[in-house]
Amino acid sequence: MSIEHSDVESIARLARLALTAEEIPQSAQELARILGMVEQLKRADTAGVTPMSHPLPGQRQRLRTDAVTETDQHELYQRNAPQVQAGLYLVPRVVE
Amino acid sequence: MSRGVSDLHLADVAQLSAQLQSGQLSSVELTQALLARIEQHQRELNAFITISADSALQEAARADERRRHGTAGALTGIPIAHKDIFCTAGEKTTCGSRMLADFVSPYDATVVQRLRAAGAVMLGKTNMDEFAMGSSNESSHFGPVRNPWNPARVPGGSSGGSAAAVAARLVPAATATDTGGSIRQPAALCGVTGIKPTYGRVSRYGMVAFASSLDQGGLITRSAHDAALLLAQMAGFDERDSTSVELPVPDYAASLEQPLKGLKVGVLREFFDGLDEAIEPLIRAALALLHAQGAVIREVSLPHLPLSVPVYYVVAPAECSSNLARFDGVRYGYRCEAPRDLTDLYQRSRAHGFGAEVKRRIMIGTYVLSAGYYDAYYLKAQQVRALISRDFEQAFHEVDVLVGPTTPTTAFELGAKTHDPVTMYLNDIYTIGANLAGLPAISVPCGFVGGLPAGLQIIGPHFCEARLLNVAHRYQRETDWHQRAPRGFL
């Protein structure tokens with residue numbers, strides 16, 4: 001199993017991770033090694049098997065009632081924000 | 001049993017509870033003694049990320065007050081530690097990451113809230129692999145934890161700090177989480193008891209998410225008895241966790257003594273492949289002991305179980321890449337210096353805020369979920385997950401519990417497996433199956449190899465925690481492995 005450097009660059013872009021030039025070949029090698037191990041899955045006959053996405057069979061997604069349960073606590077929540085002004089999160093200018 | 005202040009650390013939760021109740025010990029005294037012990041061993045073990053001495057002493061004083069007013073329960077005044085993945089209002093919750101190095105949660109996790117309501121006193125937050133991704137505690141931004149049995153060895157992971165703290169008698173019990181073995185593997189490697197309950201049994205609210213279909217909160221303690229006392233307070237329905245299960249919580253302590261006569265124990269053939277040959281006799285001896293107590297032992301096979309590791313390394317990274325997308329450097333968490341634009345802000349905040357293993361898993365997850373690969377990897381892995389789950393289900397038609405080793409080897413040296421991620425991943429080969437199928441499992445100490453502890457794993461059907469604790473307790477009544485403390489920590 002081998003992974004092209006261009007694949008690594010596009011995955012990193014999708015994942016919003018900046019990679020340095022030195023990290024790309026290393027990452028390609030590690031991904032190839034891990035995905036190579038994952039190739040073992042091909043051995044299993046899965047024809048007609050329903051994919052499992054929840055570990056408890058028959059469990060249904062519960063919905064809460066459509067009611068207001070939370071109060072406005074934005075000041076508390078924004079204490080962890082890197083940059084805030086007038087209750088707004090600040091980021092670099094998006095529209096010129 | 002009466003003890004002096006100098007050896008309070010040797011008492012377990014049940015003993016401390018009795019002493020607090022009788023009035024011969026106050027929670028403040030106990031808390032002071034253990035805080036001093038944590039400080040004393042912090043440099044050597046690095047088991048804690050935060051030591052919350054001030055708030056602990058306040059909580060202890062309140063616990064003593066409750067006791068005076070006659071409103072105390074079994075856990076009132078008992079000191080514990082929380083894995084630093086559980087949100088705690090007022091103390092940092094770092095998840096072992098630079099990304100959250102300064103994060104103070106605005107709220108408590110349900111687990112924290114429940115144990116606090118029961119009167120437990122939090123002494124601090126334990127070290128862990130970054131975002132719970134690791135099997136050696138070496139991926140923590142705050143440095144590795146050392147194994148108290150041998151400081152050149154890893155404590156296991158990701159709950160390495162909790163396991164080391166309990167093994168070194170710094171705290172009688174600590175919370176932990178398990179996505180692929182993160183409670184049971186460090187418990188085995190540190191010679192303590194670790195229980196991962198059924199998926200949905202313990203609320204995930206306020207527990208930093210890694211892989212949401214696998215994550216489950218649990219405990220590391222010195223005995224199954226202590227685990228029963230604490231789990232009864234932690235478990236139960238929580239409307240704030242959409243996968244929390246609406247089932248009553250049994251009185252786990254009440255069924256601990258149930259005899260094992262007629263218990264059908266399955267020995268997993270697949271769990272002896274790749275097992276260190278010095279561990280196998282310890283497992284066989286444990287089986288003989290269960291047999292002597294009336295259990296019926298038979299061999300069973302789960303043919304798809306050897307595919308657990310490849311399934312896990314598709315499903316867990318896929319869910320991780322999705323869950324960790326929330327760390328964008330905007331609302332909370334690390335932000336890079338002088339971002340040029342929004343994309344640069346995202347990309348560099350994440351590149352510098354996350355460590356190597358976390359980024360590796362985000363990359364794999366993004367890859368297996370990307371167009372053109374989804375069916376071949378993610379869908380295929382979910383199908384094999386169904387086959388593994390079905391194997392377990394069939395086995396539980398024949399037997400009550402499955403027993404085998406927790407890990408293929410005892411604790412390895414720091415740095416021994418960091419060069420190759422796949423070698424590290426294979427450490428969880430015996431534990432991942434229970435996560436994939438959502439099953440409860442417990443690891444208990446079952447002997448030593450060259451001075452290092454080994455673990456016996458017991459896996460059961462969904463929601464049979466009471467049975468697992470019962471089997472583990474009966475085993476611990478007949479053995480003293482769980483009472484051995486590492487030299488230098490007595």
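For the range B:244-257, how many residues meet the condition of being among the polar types (S, T, N, Q) and either in contact with a His (Cβ under 6 Å, 6 or more places away or on another chain) or surrounded by fewer than 20 Cβ atoms within 10 Å (Cβ to Cβ) (or both)? So that I can check it myself, show each step before the final result.
The first filter runs over the range B:244-257 and keeps only residues among the polar types (S, T, N, Q), leaving B:244, B:255.
Those left that are additionally either in contact with a His (Cβ under 6 Å, 6 or more places away or on another chain) or surrounded by fewer than 20 Cβ atoms within 10 Å (Cβ to Cβ) (or both): B:255.
Here the count works out to 1.
Might you let me know whether the range B:326-342 holds any residue that is part of a helix (DSSP H, G or I), among the hydrophobic types (A, V, I, L, M, F, W, C) and touching a Phe, Trp or Tyr at 6+ places or on another chain (Cβ under 9 Å)? Spell out the reasoning first.
Let us first name the residues in the range B:326-342 that are part of a helix (DSSP H, G or I), namely B:326, B:342.
With the extra rule that they be among the hydrophobic types (A, V, I, L, M, F, W, C), the set shrinks to B:342.
Going one step further and asking which of them are touching a Phe, Trp or Tyr at 6+ places or on another chain (Cβ under 9 Å), we end up with none.
No, the range B:326-342 contains no residue that is part of a helix (DSSP H, G or I), among the hydrophobic types (A, V, I, L, M, F, W, C) and touching a Phe, Trp or Tyr at 6+ places or on another chain (Cβ under 9 Å).
Given the criteria at pLDDT 95 or above, within 13 Å of B:L45 (Cα to Cα), in the same structural domain as B:S212 (by TED's automatic domain parsing) and surrounded by 24 or more Cβ atoms within 10 Å (Cβ to Cβ), does B:N137 qualify?
Details: at pLDDT 95 or above: yes; within 13 Å of B:L45 (Cα to Cα): yes; in the same structural domain as B:S212 (by TED's automatic domain parsing): yes; surrounded by 24 or more Cβ atoms within 10 Å (Cβ to Cβ): yes.
The answer is yes for B:N137.
Going through the range B:348-358 one residue at a time, which ones are within 7 Å of chain A (Cβ to nearest Cβ) and either among the hydrophobic types (A, V, I, L, M, F, W, C) or surrounded by fewer than 22 Cβ atoms within 10 Å (Cβ to Cβ) (or both)? Outline the logic, then answer.
Going through the range B:348-358, the residues within 7 Å of chain A (Cβ to nearest Cβ) turn out to be B:348, B:350-351.
If the condition is that a residue be within 7 Å of chain A (Cβ to nearest Cβ) and either among the hydrophobic types (A, V, I, L, M, F, W, C) or surrounded by fewer than 22 Cβ atoms within 10 Å (Cβ to Cβ) (or both), then B:R348, B:A351 are the ones that fit.
Take A:L41 and tell me if it is part of a helix (DSSP H, G or I), facing another protein chain (nearest Cβ under 7 Å) and under 21 Å from the mean Cα position of the chain (by Cα).
On the way: part of a helix (DSSP H, G or I): yes; facing another protein chain (nearest Cβ under 7 Å): yes; under 21 Å from the mean Cα position of the chain (by Cα): no.
No, not satisfied.
Residues in the range B:265-273: is at least one out of contact with any Ser or Thr (no Cβ under 8 Å at 6 or more places or on another chain), free of Cβ contacts under 8 Å to residues at least 40 places away in the same chain and not hydroxyl-bearing (S, T, Y)? It would help to see each step written out before you state the result.
Here is the first cut: in the range B:265-273, the residues out of contact with any Ser or Thr (no Cβ under 8 Å at 6 or more places or on another chain) are B:265-267, B:271-273.
Adding the requirement that they be free of Cβ contacts under 8 Å to residues at least 40 places away in the same chain leaves B:273.
Imposing the further condition that a residue be not hydroxyl-bearing (S, T, Y) reduces the set to B:273.
Yes, the range B:265-273 contains at least one residue that is out of contact with any Ser or Thr (no Cβ under 8 Å at 6 or more places or on another chain), free of Cβ contacts under 8 Å to residues at least 40 places away in the same chain and not hydroxyl-bearing (S, T, Y).
Hey, which of the strands (runs of 3 or more DSSP E) in the range B:182-295, taking only ones fully inside, have at least 1 residues that are closer than 19 Å to B:G156 by Cα, among the hydroxyl-bearing types (S, T, Y) and in contact with a Lys or Arg (Cβ under 9 Å, 6 or more places away or on another chain)? Reasoning before the result, please.
Working: elements: B:193-196, B:216-221, B:264-268.
It comes to B:193-196.
If you check B:L282, B:L275, B:L289, B:L268, which single one turns out to be in contact with an Asp or Glu (Cβ under 6 Å, 6 or more places away or on another chain), within 30 Å of B:R477 (Cβ to Cβ) and surrounded by 15 or more Cβ atoms within 10 Å (Cβ to Cβ)?
Numbers: B:L282 fails: in contact with an Asp or Glu (Cβ under 6 Å, 6 or more places away or on another chain); B:L275 fails: in contact with an Asp or Glu (Cβ under 6 Å, 6 or more places away or on another chain); B:L268 fails: in contact with an Asp or Glu (Cβ under 6 Å, 6 or more places away or on another chain).
None of the others qualify; the one that does is B:L289.
Does B:D341 satisfy the criteria of being modelled with pLDDT of 95 or more and within 14 Å of chain A (Cβ to nearest Cβ)?
Values: modelled with pLDDT of 95 or more: yes; within 14 Å of chain A (Cβ to nearest Cβ): yes.
Taking the combined requirement at face value, the residue satisfies it.
What do you reckon, is B:T71 in the same structural domain as B:G157 (by TED's automatic domain parsing), in a loop (DSSP other than H, G, I, E, B) and without any contact (Cβ under 8 Å) to a residue 24 or more places away in the chain? Before you say what the answer is, go through the steps one by one.
Details: in the same structural domain as B:G157 (by TED's automatic domain parsing): yes; in a loop (DSSP other than H, G, I, E, B): yes; without any contact (Cβ under 8 Å) to a residue 24 or more places away in the chain: yes.
The answer is yes for B:T71.
Of (1) surrounded by 11 or more Cβ atoms within 10 Å (Cβ to Cβ); (2) within 7 Å of chain B (Cβ to nearest Cβ); (3) at pLDDT below 95, A:P57 satisfies all except one. Which?
A:P57 satisfies every listed condition except (2).
Which residues, counting only those in the range B:128-177, are assigned to a helix (DSSP H, G or I) and among the hydroxyl-bearing types (S, T, Y)? Give the steps one after another, and end with the answer.
The initial filter retains those residues of the range B:128-177 that are assigned to a helix (DSSP H, G or I), namely B:130-132, B:160-167.
Matches in the range B:128-177: B:S162 only.
Considering only the range B:359-373, how many residues are part of a helix (DSSP H, G or I) and at the interface with another protein chain (Cβ under 7 Å from one of its Cβ atoms)? Show your work before the answer.
Taking the range B:359-373 as the starting set, the residues that turn out to be part of a helix (DSSP H, G or I) are B:359-369.
Filter once more, so that each one left must be at the interface with another protein chain (Cβ under 7 Å from one of its Cβ atoms): B:359-360, B:362-364, B:366-367.
Residues in the range B:359-373 being part of a helix (DSSP H, G or I) and at the interface with another protein chain (Cβ under 7 Å from one of its Cβ atoms): 7 in total.
Which is in a strand (DSSP E or B), away from chain A (no Cβ under 14 Å), surrounded by 24 or more Cβ atoms within 10 Å (Cβ to Cβ) and on the phi < 0 side of the Ramachandran plot, of B:A63, B:A81?
B:A81
So, in the range A:14-35, exactly how many residues are part of a helix (DSSP H, G or I) and either among the aliphatic types (A, V, I, L, M) or at the interface with chain B (Cβ under 8 Å from one of its Cβ atoms) (or both)? Steps first, please.
Just the residues of the range A:14-35 that are part of a helix (DSSP H, G or I), to begin with: A:14, A:23-35.
Cutting the leftovers down to either among the aliphatic types (A, V, I, L, M) or at the interface with chain B (Cβ under 8 Å from one of its Cβ atoms) (or both) gives us A:14, A:24, A:27-28, A:30-35.
Number of matching residues: 10.
Residues that are exposed (fewer than 13 other Cβ atoms within 10 Å of the Cβ), at the interface with chain B (Cβ under 10 Å from one of its Cβ atoms) and either on the phi > 0 side of the Ramachandran plot or in a helix (DSSP H, G or I) (or both): does the range A:46-54 have at least one?
yes
Please work out which residue is farthest from B:A434 (Cα to Cα), limiting yourself to the range B:369-410 and to residues that are basic (K, R) and buried (at least 20 other Cβ atoms within 10 Å of the Cβ).
First, pick out the residues of the range B:369-410 that are basic (K, R): B:380, B:385, B:390.
Going one step further and asking which of them are buried (at least 20 other Cβ atoms within 10 Å of the Cβ), we end up with B:380, B:385.
On the way: B:K380: 19, B:R385: 11 Å.
Out of the qualifying residues, it is B:K380.
Only one of these conditions is not met by B:D215: (1) more than 14 Å from chain A (Cβ to nearest Cβ); (2) within 26 Å of B:P453 (Cα to Cα); (3) acidic (D, E). Which number is it?
(1)
I need the full set of residues from the range B:114-127 which are assigned to a helix (DSSP H, G or I) and within 18 Å of the chain's Cα centre (by Cα), in order please.
We begin by selecting, within the range B:114-127, every residue assigned to a helix (DSSP H, G or I); these are B:114-117.
Once the filter is applied, which keeps residues that are assigned to a helix (DSSP H, G or I) and within 18 Å of the chain's Cα centre (by Cα), the range B:114-127 yields B:R114, B:L115.
Counting residues that are in contact with a Pro (Cβ under 6 Å, 6 or more places away or on another chain) and outside the structural domain of B:V166 (by TED's automatic domain parsing), which strands (runs of 3 or more DSSP E) fully inside the range B:400-490 reach at least 1? Walk me through it before giving the result.
Details: elements: B:401-405, B:441-449, B:452-459.
In the range B:400-490, B:441-449, B:452-459 are the strands (runs of 3 or more DSSP E) which contain 1 or more residues that are in contact with a Pro (Cβ under 6 Å, 6 or more places away or on another chain) and outside the structural domain of B:V166 (by TED's automatic domain parsing).
Could you run through the range B:316-333 and say how many residues are under 15 Å from B:Y377 (Cα atoms) and aromatic (F, W, Y)?
Qualifying residue count, the range B:316-333: 0.
The values are calculated or read from the model by the stated rules, or taken from the named source; none is laboratory data. All values derive from a computational prediction rather than experimental measurement. In this analysis, Cβ positions are derived from the backbone assuming ideal geometry, glycine residues included, and neighbour counts consider all displayed protein chains.
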